[in-house]
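Novice: Let me begin by handing over the structure; questions about it come next.
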Amino acid sequence: MTGPGQNRPATGTAPGDGLFLFAQQLAASLGPAWGASARRNPVIANETGWDPAEKRCWDRRDGVLTRALRHARDSERAVLTHPHGYQLYLVERPRRARQILVAGMLPAGAFKFDTTAPPAAISVPRNPARAAAAIRSRSFLPSYRLAAAGVSRETRFREVQQVVFGRDFDGSPLVNVLSAHAMRLLLDVHSAWLLDPESGLCRPRNPAADADELVRSAGTLLQTYGYEVTLTSEHPRAYTFRPPIRPVVPPAPSPPHGRPSGPAR
């Protein structure tokens, strides 16, 4: 992933240069906090032929993005990430060699959210500076940020204030964070954590790092800011979204045998 403060190339990219190079230059044009990561070609990466990160694209309406994801299976993909928990999904537009589709992804910690209208995906030129200007001038980023804030407002306060440290199926740590402020604390400039585009959860940047120490230090930091930190051996999403257990109400005792059940006259 590209880091803050890297050089910002002034030239554009041609279709043969690769989408990741464009994504790196676009991230630099949007601001030093943005970073780019490449997604493997879905046809090569897995047998399903689709990128698991696609399911977190917020705009799922039948339109140009849906058609591109459905028909351009062998196209390149990339993701831009901001430490506030924002992510943008980039995919080449079919039959438009000099255009890139940009879609907002669900905010960090949100897997599905239908009550807030998502920002519509847009098509930008394959020139990093012009693409960044188009994203800003069409109010794409402001709309995306407002929609993400709406998700946070409509989520229960207790759930937003809670950070769950759990384990992935392979035993590696995963963190579910719904608060944008807590996300900023976790994904600072030199953070040992990154935001996984496939799950919307945070995982260690270095898989070989001491997992217990990472969880301990991150949990201590979040607790100092008043967040309720929960440690579990379960997958954090299974823990956070577990339905509440309703107490079982015992049945009313039946009347003694031979006596009427109605009120006495």
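Computed from the coordinates by the stated procedures, all read-outs in this text should not be read as laboratory data. What you see is a predicted model; the values in this text were computed from it and never measured. Every residue, glycine among them, receives a Cβ derived from its backbone with ideal geometry; neighbour counts consider all protein chains shown.
Novice: Pairwise over distinct Cα atoms, reciprocal of the mean inverse distance: report the Kirkwood radius of region 117-212 in Å, one decimal place.
Specialist: Result for region 117-212, one decimal place: 15.7 Å.
Novice: If R0 is 35 Å, what FRET efficiency do you get for R184 and H71 from their C-beta distance, rounded to 0.05?
Specialist: E(calc), rounded to 0.05, equals 0.40.
Novice: Which Cα, out of I135, P83, A108, lies furthest along the positive dipole direction of region 74-173 (beta carbon charges, K/R +1, D/E -1)?
Specialist: Ranked along the dipole, the leading option is I135.
Novice: Now a separate question. Please work out the C-alpha center-to-center distance from region 18-32 to region 77-143 and express it in whole Å.
Specialist: Here the two parts' Cα centres lie 12 Å apart.
Novice: Could you order the peptides 159-170, 121-132, 23-34 from most to least packed, using the average number of other C-beta atoms within 10 Å per residue?
Specialist: Highest mean packing first, the order is 23-34, 121-132, 159-170.
Novice: Translational diffusion coefficient, Stokes-Einstein: compute it for region 52-187 using the Kirkwood radius over C-alpha pairs as Rh, at 4 °C and 1.567 mPa s, and state it as an integer in µm² s⁻¹.
Specialist: In µm²/s, the coefficient rounds to 81.
Novice: Hey, got the dipole for region 137-213? About the Cα centre, +1 on K and R Cβ, -1 on D and E Cβ, debye to the nearest 20?
Specialist: Approximately 540 debye in magnitude.
Novice: From zero up to wherever the largest Cα-Cα distance of region 96-153 sits, split into 10 Å bins and tell me the percent of pairs in each.
Specialist: Reading upward from the zero bin: 23, 46, 25, 6.
Novice: Using a Förster distance of 35 angstrom, determine the FRET efficiency expected from the C-beta separation of A134 and E213, and round it to 0.05.
Specialist: 0.20
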